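The values are calculated or read from the model by the stated rules, or taken from the named source; none is laboratory data. Source: prediction; values computed, not measured. All Cβ positions, even for glycine, are placed from backbone atoms using ideal geometry, and neighbour counts span all protein chains on display.
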Amino acid sequence: MTREKQAPGSCDSTNKGVAEPLLLLRVHEYGIFLLSCTFYNSCKELIRDGMSDRTGNRTIERKQSHVDICLHGEVAFSGKTTGFEKLEFEHNALPEIAFSEVDLSTTFLGRKINAPLMISSMTGGYSEAATLNQRLAEAAERFGIPLGVGSMRQALENSSYRESFAIVRKYAPSVQIFANIGAPEVAKGLTDNEIAIMLDLLEADGLIVHLNAAQELFQPEGNTDFSHFLDRLAIITAKISVPVIAKEVGCGISAAAALKLLEAGVKVIDVAGAGGISWQKVEEIRYTREFGQEKRFSLPALDELLNWGVPTAQCLFDISELKNKYPDFSEIEIIASGGIHSGIDIAKSLALGAQLAASARYILKALHEGALEETIETWLNDLRAVMFLTGSAKTEELRCKRLIIKP
């Protein structure tokens, strides 16, 4: 906003009593024509609220379009897979257990959970998201599994949208719930009050920090300033009483990046590898809807950038090797996500070193189709089948089973 002209006798330190026009505003933007000194402070609030509303509306549009595009758009990786399909378990012809004895329970961050599955971060921050998050929370509570919420930036910017996040604790009172904020917000600097709002709103068991450089690069309104992120992340991990989870959003976390995150105090690495949803493609759809033809990148480079990332299975293997190499990090836990869409994927994730697996897009699709609980139940039955056929009565035993490369 710019001042068109300094009015004679306008409000300053030497002439506070003159109620002359202070500044002229564009009517079509704010619906305000003339401001007087008498109402100067009130008008500053109105202007700030107007700008906040415009920013908030943009955020709401983005969040709604993300859900719609993930449900209906062609946003899967092409020419790159998770790597799970290249592996299979060695069959055990002598399982020596009863199928009914298979126990899916495990622990995550010191707490028992009923199965090694997490409903991954999806959405929040607009009115319709409250309904989605309620149903996800109900499913998490029924199955006794953890739940992450979507980015809570909107909850920090506008208190009216906090209920769309807070609702999850109401409907999932007994399971682990994780708050979520993006790396750009961490890099910019979060206040103690902002951190407290996110954690208190959910009575959160931890804080997810999502790493989305490629997404921000493609996002029309993206924030690509990741400067000082690790230093500010270390400040957060040192000051809060709950663990911090570092999570990619679909491009994977390499061993080298994981080491830096662990040194910054992160307790869990959620690999979110390539092979599932490409958030570059999600944002590319939004960009072309708004601006037409892609002109930011050359066509020869675009395909590789849209499919950029480390496959999920490779991330798991490399970070598990990292844990073996550095004894100080041997207790760090790994979440497998990025293209998880069956109990077979969950089983392979455990065998590759993950404590549990997480899924977002396929869970969202199941919710949209009215088959959320049925889908989770079939995935868990897939996992039971693998455990039975490998002679694994408990998930800890499955972690020791041999995976072989398919011929």
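A single member of Glu194, Glu248, Glu216, Glu203 is touching a residue at least 60 places away in the same chain (Cβ under 8 Å) and either acidic (Asp, Glu) or in contact with a Gly (Cβ under 6 Å, 6 or more places away or on another chain) (or both), and it is Glu248. Scanning segment 144-176 for residues that are surrounded by fewer than 22 Cβ atoms within 10 Å (Cβ to Cβ), outside any loop (DSSP other than H, G, I, E, B) and under 17 Å from the mean Cα position of the chain (by Cα) returns Arg153, Leu156, Ala166.
If you scan segment 162-191, which residues turn out to be among the aliphatic types (A, V, I, L, M), under 22 Å from Ala115 (Cα atoms) and free of Cβ contacts under 8 Å to residues at least 60 places away in the same chain?
Val168, Ala172, Ile177, Ala179
Scanning segment 66-102 for residues that are modelled with pLDDT under 95 and either of a type in the set (Asp, Glu) or under 27 Å from Leu398 (Cα atoms) (or both) yields a total of 2. Just give me the residues in segment 322-333 being in contact (Cβ under 8 Å) with a residue 60 or more places away in the chain and under 25 Å from the mean Cα position of the chain (by Cα), in sequence order. Correct list: Leu322, Phe329, Ile332, Glu333. Cβ-Cβ contacts under 8 Å between residues 6 or more apart (or on different chains), taken from a first residue in segment 139-161 that is basic (Lys, Arg) to a second residue that is surrounded by fewer than 24 Cβ atoms within 10 Å (Cβ to Cβ), are listed as Arg142/Glu373; Arg153/Thr59; Arg153/Ile181; Arg153/Gly182; Arg153/Glu185.
If you take the residues in segment 188-209 that are assigned to a helix (DSSP H, G or I) and in contact with a strand residue (DSSP E or B) (Cβ under 6 Å, 6 or more places away or on another chain), which one is farthest from Leu233 (Cα to Cα)?
Per the stated criteria, the residue is Leu202.
Filtered by the rule that a residue be free of Cβ contacts under 8 Å to residues at least 24 places away in the same chain and hydrophobic (A, V, I, L, M, F, W, C), segment 261-300 gives Phe297, Leu299. Being outside the structural domain of Ala257 (by TED's automatic domain parsing) and either modelled with pLDDT of 95 or more or over 30 Å from Leu217 (Cα atoms) (or both) is a description that does not apply to Leu316.
Per the listing Gly338, Gly343, Gly370, Gly353, the residue uniquely under 20 Å from Glu141 (Cα atoms) and surrounded by 20 or more Cβ atoms within 10 Å (Cβ to Cβ) is Gly343. Applying a threshold of 7 Å to beta carbon distances and a minimum spacing of six or more residues, or different chains, the list of pairs starting in segment 365-380 at a residue that is not assigned by TED's automatic domain parsing to the domain that holds Asp68 and ending at one that is at pLDDT below 95 and surrounded by fewer than 20 Cβ atoms within 10 Å (Cβ to Cβ) reads Lys365/Leu71; His368/Leu71.
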